[in-house]
Amino acid sequence: MQESKTGHLHGCPLRRKDREITDRAEIDAILGSARLMRIALADGDTPFLVPVFYAFDGTAIYFHSAQAGTKIDIMKRNNKICFEISIDHGIVENDAACDFEAQHRTVVGFGKVAFVTDDAEKRNALNRIVAQFSDKKFDYPQANLNRTAVIRIDIETIKGKKHGFS
């Protein structure tokens, strides 16, 4: 996984370098603290954006889905993915109406999708996702595993940005 060292992410310059998060531990903390991520896919020249619950294992991001549907179809045709995770939302007020700004910590990354076929990796990913919502331990019968798609995002580039924090 590569972080951009030049203020660019997939060729896009970061306009406000003063808001860039350069500490990888801080980026990982954001990845590990949220539950919801938005994934952006491309179906030819048509964008597709969808929120998903996810888990980060320190290296890759996992989410689950039904075995069929629009996002699955798109990912099978094009395994490139963009993701966005944002936390700590608020407003930075100002005396001028046009100078209000959004307070946030945000991570944006690009990677490639891999459909997980190994049952042990599937169980581990599902356990991580479920652990964000419950302390209970669950079993995953084989029939359920067979019906569930677990998708791993192998992160290629990642950037963080924050505003409204000292």
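The values are calculated or read from the model by the stated rules, or taken from the named source; none is laboratory data. Treat the numbers as computed from the prediction; the structure is a model and nothing was measured. Ideal geometry is used to build each Cβ from the backbone, glycine not excepted, and the neighbour counts take in all protein chains shown. For the accessible areas, the whole protein counts, side chains as well, though only heavy atoms, and no ligand, DNA or RNA atoms are used. Shrake-Rupley method; radii C 1.70, N 1.55, O 1.52, S 1.80 Å.
When region 112-124 is filtered for residues that are under 19 Å from residue 35 (Cα atoms) and either out of contact with any helix residue (DSSP H, G or I) (no Cβ under 8 Å at 6 or more places or on another chain) or open to solvent by 60 Å² or more (accessible area, probe 1.4 Å) (or both), the ones remaining, listed by number, are 123, 124. Give me a count of the residues in region 125-134 that are in contact (Cβ under 8 Å) with a residue 12 or more places away in the chain and surrounded by fewer than 16 Cβ atoms within 10 Å (Cβ to Cβ). Qualifying residue count for the region: 4. Within region 135-157, the residues that satisfy the criterion of being touching a residue at least 40 places away in the same chain (Cβ under 8 Å) and open to solvent by less than 20 Å² (accessible area, probe 1.4 Å) are 149, 150, 151, 153, 155.
Has region 1-23 got at least one residue that is aliphatic (A, V, I, L, M), modelled with pLDDT under 95 and open to solvent by 70 Å² or more (accessible area, probe 1.4 Å)? The answer is yes, given that some residue of region 1-23 is aliphatic (A, V, I, L, M), modelled with pLDDT under 95 and open to solvent by 70 Å² or more (accessible area, probe 1.4 Å).
Exactly one residue among 149, 120, 125 is in contact with a His (Cβ under 9 Å, 6 or more places away or on another chain), at pLDDT 85 or above, on the phi < 0 side of the Ramachandran plot and outside any strand (DSSP E or B), and that residue is 125. In region 62-78, of all residues being open to solvent by 10 Å² or more (accessible area, probe 1.4 Å) and touching a helix residue (DSSP H, G or I) at 6+ places or on another chain (Cβ under 8 Å), the one that is nearest to residue 25 (Cα to Cα) corresponds to 62. Residue-level check: of (1) part of a strand (DSSP E or B); (2) within 22 Å of residue 71 (Cβ to Cβ), residue 105 misses just (2).
Restricting attention to region 32-79, the residues that are among the acidic types (Asp, Glu) and touching a Lys or Arg at 6+ places or on another chain (Cβ under 8 Å) total 2. Can residue 81 be described as open to solvent by less than 50 Å² (accessible area, probe 1.4 Å), at pLDDT below 95, under 18 Å from residue 157 (Cβ atoms) and out of contact with any Ser or Thr (no Cβ under 9 Å at 6 or more places or on another chain)? When the stated conditions are applied, residue 81 does not pass them. When both residues are 6+ apart or on different chains and their Cβ atoms are under 7 Å apart, which pairs have a first residue that lies in region 47-61 and is open to solvent by 30 Å² or more (accessible area, probe 1.4 Å), and a second that is basic (Lys, Arg) and part of a loop (DSSP other than H, G, I, E, B)? Taking only residues 6 or more apart or on different chains, the pairs are 53/35.
In region 102-116, the residues that are among the basic types (Lys, Arg) reach residues that are at pLDDT 90 or above and open to solvent by 50 Å² or more (accessible area, probe 1.4 Å) with C-beta atoms within less than 7 angstrom, at least six apart or across chains, in these pairs: 112/79; 112/80; 112/154; 112/156.
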